[in-house]
Structures are given as structure tokens and as C-alpha cells.
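Trainee: Dropping a structure here in C-alpha cells format, bear with me for questions.
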Amino acid sequence: MPMLEIATNGRSQALDITRQVQQAVSASGVGEGWATVYVPHTTAGVAINEAADPDVMADVLMTLERLVPWQGGFRHAEGNSAAHVKSILVGSSVRVPVGGGRLLLGTWQGIFFMEFDGPRRRTARVEVSPA
Ligand code: ZN
């Protein structure tokens with residue numbers, strides 16, 4: 001199963017990985033089916049949203065920070081509970097239909113690796129299954 005290697009460069013970051021996921025779809029040879037992107041981390045996630053205006057994901061990150069402030073009086077000794085909570089809110093996988101060998105995303109949609117405790121070296125799995 002293809003594995004994407006992702007280097008993040010901020011504590012919180014929304015990194016557009018649409019191109020890399022499309023490369024995995026193309027390499028799979030699957031024409032019609034589904035692509036699943038799975039993030040095997042407890043302080044990161046994956047989300048689909050607008051890729052046209054970068055201010056959208058900046059606003060999403062700002063809103064998550066407001067909802068779950070880094071200093072939240074948490075118990076976890078590692079000190080990154082806010083990142084664990086954001087990871088759960090955002091989720092660890094997305095599934096996108098594939099047609100004609102292409103991701104069938106909407107016009108404005110992109111796939112974002114969501115970092116909440118970076119910078120780190122991360123991975124994401126991409127499974128492409130025929131319909
Ligand atoms: Zn932790």
C-alpha cells in the first residue's frame with residue numbers, strides 16, 4: 001500500500017496533499033473505485049476542504065485553536081493534549097471516489113494533511129480499491 005512521507009513545518013498546519021494522493025491513484029492503475037487516505041498518528045489528521053483560497057484553512061486552524069487552546073489545563077504529561085483532541089475532531093481518514101483514474105473531488109476541494117503538533121516527519125497511507 002503506498003505511503004506518503006510528509007514533512008510539516010509548523011505546530012499547526014494544513015498541508016495540501018491532493019497532488020501526492022492523485023499520484024498514488026495514477027500509479028495504482030485503478031480507473032473506477034475509491035481512494036482512502038489514512039493518517040496513522042494521534043496528533044494529526046486528514047480533512048477535505050477548500051484548496052482555492054488558503055485563508056479558508058488558515059481560518060479552520062484558527063478556529064480549532066480557539067476551540068481547543070494549547071494551554072487547556074490538561075492532565076497528559078507530554079503536554080500536547082490539545083493536539084490529541086484536534087486529531088479526534090478532524091479524524092484519521094477520508095475516502096474519495098475515483099473515476100477515469102482521477103480523484104472525483106469537487107471544484108474547490110483539496111485533501112489536507114492536518115498537523116497539530118509539528119514540526120514532525122509524518123506519513124499517510126493511500127489505499128486505492130476498484131469499485
Ligand atoms: Zn501526547
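Just so it is clear, none of the values below were taken in a lab; they were calculated from the coordinates. Predicted, not measured: the structure shown is a model, and the values here were computed from it. Note: ideal-geometry Cβ built from the backbone for every residue, glycine included; neighbour counts use all protein chains shown.
Trainee: Hey, among Ala77, Ala51, Ala58, Ala83, which residue is over 25 Å from Ala24 (Cβ atoms) and crowded, with 18+ Cβ neighbours inside 10 Å? Full working, then the answer.
Mentor: Details: Ala77 fails: crowded, with 18+ Cβ neighbours inside 10 Å; Ala51 fails: over 25 Å from Ala24 (Cβ atoms); Ala58 fails: crowded, with 18+ Cβ neighbours inside 10 Å.
Testing whether each residue is over 25 Å from Ala24 (Cβ atoms) and crowded, with 18+ Cβ neighbours inside 10 Å leaves just Ala83.
Trainee: I'd like to check something: does the stretch 78-93 contain any residue that is under 22 Å from Pro130 (Cβ atoms), under 16 Å from the mean Cα position of the chain (by Cα) and touching a residue at least 12 places away in the same chain (Cβ under 8 Å)?
Mentor: Here is the first cut: in the stretch 78-93, the ones under 22 Å from Pro130 (Cβ atoms) are 93.
Subset that is under 16 Å from the mean Cα position of the chain (by Cα): 93.
So of that shortlist, the ones also touching a residue at least 12 places away in the same chain (Cβ under 8 Å) come out as 93.
Scanning the stretch 78-93, I find at least one residue that is under 22 Å from Pro130 (Cβ atoms), under 16 Å from the mean Cα position of the chain (by Cα) and touching a residue at least 12 places away in the same chain (Cβ under 8 Å), so the answer is yes.
Trainee: Now for a separate question. Take the stretch 1-16 and flag every residue that is of a type in the set (Gly, Ala, Ser) and in a loop (DSSP other than H, G, I, E, B).
Mentor: Within the stretch 1-16, Gly10, Ser12 meet the criteria.
Trainee: Follow-up question, since we're still on this one. Among the residues of the stretch 30-55, write down those that are without any contact (Cβ under 8 Å) to a residue 60 or more places away in the chain and more than 30 Å from Ser81 (Cα to Cα).
Mentor: Ala52
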